[in-house]
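Enquirer: Starting off with a structure, shown below.
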Amino acid sequence: MAARSSSRTNRFFVFIFATVVVALALYLFYHFKPALTDALVAHMGPRAGEDSLIRIPELILWSILAFLGVRAVSTLIFDLLFRIRRGYEAPTLVRNIFSLLAFTGLFVLTFNKIYAEVNLGALFTTSAIFGVIIGLALQDTLGNFFSGISLHADRPFQVGDVIVVGAQKHTGVIESITWRAIKIRTFQNHIVLVSNSNAAKEAIEVAPRENLNARLVFFGTLYTDSPAKTIHVVRESVRDADNVSEKITPIVRIRNLGDSAIEWEIKYWLDDYAKYNDTDALVRQRVWYALRRSGLTFASPMLTLHTERKAVTRPTTAEEQIADRLSAVDVFSPLSTDELKQLATATMGHVFAPGETLIRAGDEGSSMFVVHNGRVAVQVVERGKPRTVAVLTEGNFFGEMALFTGEPRTANVVALEETEVLEIGHAAMKHIFETNPSLAESISWTIAERQADLAAGSLQASQNSIQESAGVLASIKRFFGLR
Ligand code: CMP
């Protein structure tokens, strides 16, 4: 921005300087004109025509002044007025046409004034050779120019739109449209110039910037996997990915029943279409994690040749490792080795991608989670923006509030990196509470502390929702039917 305004200031000073120089030259010219005429007459003799020679520099100087004047007016109209009235810069082509017409008009006026005896119109119309030369030399240029005009009249695309154009399918964001060509910045950050006349002949695919543009991403699953489950799991995993529009829910549908796979497509809409490469990749990543967590399997020709399928719903880590991890969780420290092993068998491992939401505030919840690897953020949404209340790492647990009190989830929990969690359900906890009454008490402390944290940071939190740990303990006991 600063660079742009300093280059504008530079251009302004160059303009002032050039105008002063030309004005001075004109002044000097008129001052010395009689002397120059005399010198010329003395040198060449009193022949007709010496006067028209003298007038050449006069014409040149006035033309330069006219050029500078046209530049100034064009900047005033298109840079300033256009931006103030319409909020964006005028298209380069419109500016160029204006400058060309204004300059030609001024030049003809100046010429007529200085060479009043020459009929400019007759000179042009009678000069057939001149016409042919100009016509041939400018054939391509004029073609581009008129194609540019028709493209502008149609307004099929604008600066900032993503287009696919030409036989080579050049894809990128339009940077400018001039009288000669469309300038595209490709996703490899290269510049491609497509001449207007070529663009006018080709089919052009446009994804307008202000439009909700959609993409399709494909994947395949085994025939043994339930389509209804696949649709639900994939749609939920994709809908909150970055740059996937919240305005339209993604569609997951079967596009073909292939030889070795159910072939799926995900149709999703983007907030910023220019970033579709990254978003496609993120969507594929989300699908991978979601399928893996839900026990669904990607199909590939190689997989279908296998006669055996791995049970992917099994915990992803060995039981001892899980028991080890659980023993490091402070609230589980009173548990015996056998109890830890039992608990480990009852847990389920899940892997989440960075940025994925594990728990949504307000949802029902009937399980808690221990972070096995990675990190998660506990977030509450305030005035539309997420505020991080805590970051939990390996050995920390979350989701206990809804599990133990039966209330809806109190916060969002989002993976900060690839995170593996161990899910512990209601039945497993009930069993443990029965044999370890002290556990309910230590968990009630944690819950009361976390509730206080949530309430302390939030203006909306009602005092009533904060329970003393004794109150939490009572509701845990009630909920689990403990004495
Ligand atoms: P639950 O309400 O089931 O779902 C959201 C979880 O975020 C919640 O359980 C707690 O486990 C966790 N949580 C809420 N507040 C805090 C906090 N202040 N510190 C750590 N974790 C919290």
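The values are calculated or read from the model by the stated rules, or taken from the named source; none is laboratory data. As the structure is a prediction and not an experimental result, all values here were calculated from the model. With ideal geometry, Cβ positions are generated from the backbone for all residues, glycine too; neighbour counts draw on all protein chains shown. Heavy atoms of the whole protein, side chains included, go into the accessibility calculation; ligands, DNA and RNA do not. Shrake-Rupley method; radii C 1.70, N 1.55, O 1.52, S 1.80 Å.
Enquirer: Can you give me the angle between helix 139-154 and the longest principal axis of the chain, using Cα atoms only, in degrees from 0 to 90, rounded to the nearest 10?
Expert: Once rounded, the angle reads 50 degrees.
Enquirer: Only loop residues by DSSP count here, and only those with at most 15 other Cβ atoms within 10 Å; note down the GluC sites (Glu not before Pro) in the stretch 220-298 that meet that.
Expert: Within the stretch 220-298, the qualifying GluC sites (Glu not before Pro) (loop, at most 15 other Cβ atoms within 10 Å) are GLU246.
Enquirer: Treating cross-link reach as a plain straight distance, find the lysines whose alpha-carbon is under 17 Å from the alpha-carbon of LYS430, omitting any fewer than eight places away in the same chain.
Expert: By straight Cα distance, LYS430 reaches LYS341, LYS477.
Enquirer: Only sites in a loop by DSSP and with at most 10 other Cβ atoms within 10 Å count here; which GluC sites (Glu not before Pro) in the stretch 350-399 make the cut?
Expert: GLU364
Enquirer: Here's something else I'd like to know. Exactly which trypsin sites (Lys or Arg not before Pro) in the stretch 375-444 are in a DSSP loop and have at most 15 other Cβ atoms within 10 Å?
Expert: Qualifying residues, ordered by number: ARG383.
Enquirer: Next up: Any idea what angle helix 337-346 forms with the longest principal axis of the chain, computed on alpha-carbon atoms, 0 to 90 degrees, nearest 10?
Expert: That works out to roughly 50 degrees.
Enquirer: Would you work out the relative contact order for the chain, in percent, from Cα pairs under 8 angstrom that are 6 or more residues apart? Mind dumping the intermediate values first?
Expert: Details: 692 pairs, mean separation 38.9, N = 483.
Across the chain, relative contact order equals 8 percent.
Enquirer: Calculate the tail of P(r) for the chain: the fraction of all Cα-Cα distances greater than 37 Å, expressed in %. Write out the running numbers ahead of the final one.
Expert: Values: 65540 of 116403 pairs.
Taking all Cα-Cα pairs of the chain, the fraction more than 37 Å apart is 56 percent.
Enquirer: Once the convex hull of the alpha carbons of the stretch 374-456 is built, what does its volume come to per residue, in cubic angstrom?
Expert: For the stretch 374-456, the hull spanned by Cα atoms encloses 100 Å³ per residue.
Enquirer: To continue, here is another question. Under the definition of Cα pairs under 8 Å and six or more residues apart, what whole-number percent is the relative contact order of the stretch 111-247?
Expert: Contact order relative to length: 18 percent.
Enquirer: How long is the gain from LEU216 to MET44 if the chain were fully straight, where each residue apart is worth 0.36 nm and the alpha carbon distance is subtracted?
Expert: Between LEU216 and MET44, full extension yields 53.9 nm more.
Enquirer: Another question about this same structure. Would you mind working out the magnitude of the charge dipole of the chain relative to its Cα centre, with +1 at each Lys and Arg C-beta and -1 at each Asp and Glu C-beta, to the nearest 20 Debye?
Expert: Working: 48 positive and 49 negative charges, 323 e Å.
Magnitude of the dipole: close to 1560 debye.
Enquirer: Let me ask you something else. Report, to the nearest 10°, how far helix 128-137 tilts away from the longest principal axis of the Cα atoms in the chain, using its own Cα long axis and a range of 0 to 90°.
Expert: Helix 128-137 sits at roughly 20 degrees to that axis.
Enquirer: Would you mind getting the accessible area per residue of the chain, heavy atoms of the protein chains only, 1.4 Å probe, in Å²? Numbers along the way, then the final one.
Expert: Numbers: 27770 Å² over 483 residues.
Value for the chain: 57 Å² per residue.
Enquirer: For n ≥ 4 DSSP H runs only, could you compute -39500 (n - 2.57) per run for the chain, divide by its residues and tell me the 222 nm figure to the nearest 500?
Expert: Calculated from helices alone, the mean residue ellipticity at 222 nm is -16000 deg cm²/dmol.
Enquirer: By average Cβ neighbour count within 10 Å, what is the ranking of 143-149, 104-110 from highest down?
Expert: 143-149, 104-110
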